[in-house]
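The structure under discussion appears below in the form of structure tokens.
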């Protein structure tokens with residue numbers, strides 16, 4: 001196996017979610033769903049995002065690890081809600097859910113607080129796990145009467161606003177990422193995790209996790225290795241933005257998916273990352289070139305890994321960081337800058 005490929009495997013180990021943090025996230029999301037389903041207005045709940053898709057990564061220091069899910073309301077009891085009704089947003093029922101879930105959550109997590117968020121409920125357990133604040137987002141949703149997917153509210157909008165609801169299919173997106181042959185699914189999951197870690201290096205991430213996942217679903221093909229898969233996503237996504245082509249929701253439900261930063265900046269970020277990774281791919285056994293590329297693509301991850309070791313160490317090497325292959329001295333990580 002080439003040196004570059006070994007380093008990508010090591011990177012995956014560095015961004016692995018701590019087993020206790022992951023366990024707490026799953027347990028807290030399951031508890032929130034179980035309680036929400038007991039409310040008279042709740043029809044059923046679901047789990048979405050990175051946990052069921054197996055694309056979660058360890059957040060950087062001081063970050064939050066959140067479990068994503070939702071509660072689907074009983075439409076019969078709320079005929080006025082949503083675009084299929086009178087367009088009314090579920091402000092009142094969300095307040096009821098906050099009051100209902102809060103005390104029951106505190107039976108097990110005494111310091112927990114439940115708040116209303118833009119899309120539903122935000123549950124703060126106020127009990128960090130190994131320094132990570134594990135929270136839960138619970139969207140309050142409605143099943144669409146026609147077509148697949150859900151109606152998702154925007155509770156920041158007035159109750160009767162036409163823009164208070166949007167179409168989405170979080171359950172279907174998880175199903176898509178779990179489709180295909182096992183080898184393809186595994187490569188896709190691992191590539192998404194690395195792409196999410198790369199995206200998180202910037203002071204302002206350029207892409208949502210959903211955006212990166214959709215690109216991975218589109219661009220990664222059966223038989224691709226991990227390094228090639230990550231490069232394909234970066235390169236093909238850059239070309240798409242260069243050509244000003246939209247990224248469609250693969251479920252055909254949500255509006256087109258757009259970067260979180262201006263498109264020109266997003267394209268440039270992707271293009272330069274693809275160029276840098278391509279340089280390492282051209283000489284995958286050159287340890288010096290590979291380390292320089294990793295430092296450019298994952299500076300924060302490598303810096304935090306180094307900081308786990310004693311500050312008294314006079315130098316830091318790739319062996320000390322757990323990277324495979326000949327030991328290389330690691331220079332101080334540069335700040336994230338595209339040039």
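The values are calculated or read from the model by the stated rules, or taken from the named source; none is laboratory data. Since we're looking at a predicted model, the values are computed, not measured. Neighbour counts are summed over all protein chains in view; Cβ atoms, including those assigned to glycine, are modelled from backbone coordinates with ideal geometry.
Could you count how many residues in the range 87-140 are in a strand (DSSP E or B) and either under 25 Å from the mean Cα position of the chain (by Cα) or free of Cβ contacts under 8 Å to residues at least 60 places away in the same chain (or both)? Can you show your working first?
The first filter runs over the range 87-140 and keeps only residues in a strand (DSSP E or B), leaving 88, 113-116, 120-124, 129, 132-140.
Cutting the leftovers down to either under 25 Å from the mean Cα position of the chain (by Cα) or free of Cβ contacts under 8 Å to residues at least 60 places away in the same chain (or both) gives us 113-116, 120-124, 129, 132-140.
Here the count works out to 19.
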Legend entry - Top-ranked residue of the range 69-83 - restricted to ones that are closer than 19 Å to residue 163 by Cα and out of contact with any strand residue (DSSP E or B) (no Cβ under 7 Å at 6 or more places or on another chain), ranked as surrounded by the fewest Cβ atoms within 10 Å (Cβ to Cβ): 79
Inset, instruction - Test each condition in (1) under 21 Å from residue 66 (Cβ atoms); (2) crowded, with 21+ Cβ neighbours inside 10 Å; (3) within 18 Å of the chain's Cα centre (by Cα) for residue 191 and report the one that comes out false. - result: (1)
Inset, instruction - Scan the range 70-86 residue by residue and report those that are over 20 Å from residue 46 (Cα atoms) and over 29 Å from the mean Cα position of the chain (by Cα). - result: 79, 80, 84, 85, 86
Legend entry - Selection from the range 253-265 of residues that are more than 20 Å from the chain's Cα centre (by Cα) and touching a residue at least 24 places away in the same chain (Cβ under 8 Å): 265
Inset, instruction - Please find, among 55, 25, the residue that is under 14 Å from the mean Cα position of the chain (by Cα), assigned to a loop (DSSP other than H, G, I, E, B) and at pLDDT 90 or above. - result: 55
Legend entry - Condition check for residue 182: at pLDDT 95 or above, within 30 Å of residue 145 (Cβ to Cβ) and over 15 Å from the mean Cα position of the chain (by Cα): no
Legend entry - Number of the exception - residue 216 against (1) at pLDDT below 95; (2) in a helix (DSSP H, G or I): (1)
Legend entry - Members of the range 121-152 that are surrounded by 13 or more Cβ atoms within 10 Å (Cβ to Cβ) and out of contact with any strand residue (DSSP E or B) (no Cβ under 9 Å at 6 or more places or on another chain): 148
Legend entry - Selection count, the range 164-188, where residues are surrounded by fewer than 23 Cβ atoms within 10 Å (Cβ to Cβ) and not in a loop (DSSP other than H, G, I, E, B): 13
Inset, instruction - Looking only at the range 50-64, decide whether some residue is in contact with a strand residue (DSSP E or B) (Cβ under 7 Å, 6 or more places away or on another chain), within 30 Å of residue 177 (Cα to Cα) and crowded, with 16+ Cβ neighbours inside 10 Å. - result: yes
Legend entry - Given (1) touching a residue at least 24 places away in the same chain (Cβ under 8 Å); (2) assigned to a strand (DSSP E or B), index of the condition residue 157 fails: (2)
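Let's see how each residue does on (1) closer than 20 Å to residue 257 by Cα; (2) without any contact (Cβ under 8 Å) to a residue 24 or more places away in the chain:
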| position | (1), (2) |
| --- | --- |
| 164 | yes, no |
| 170 | yes, no |
| 175 | yes, yes |
| 180 | no, no |
| 190 | no, no |
| 197 | yes, no |
| 201 | no, no |
| 207 | yes, no |
| 217 | yes, no |
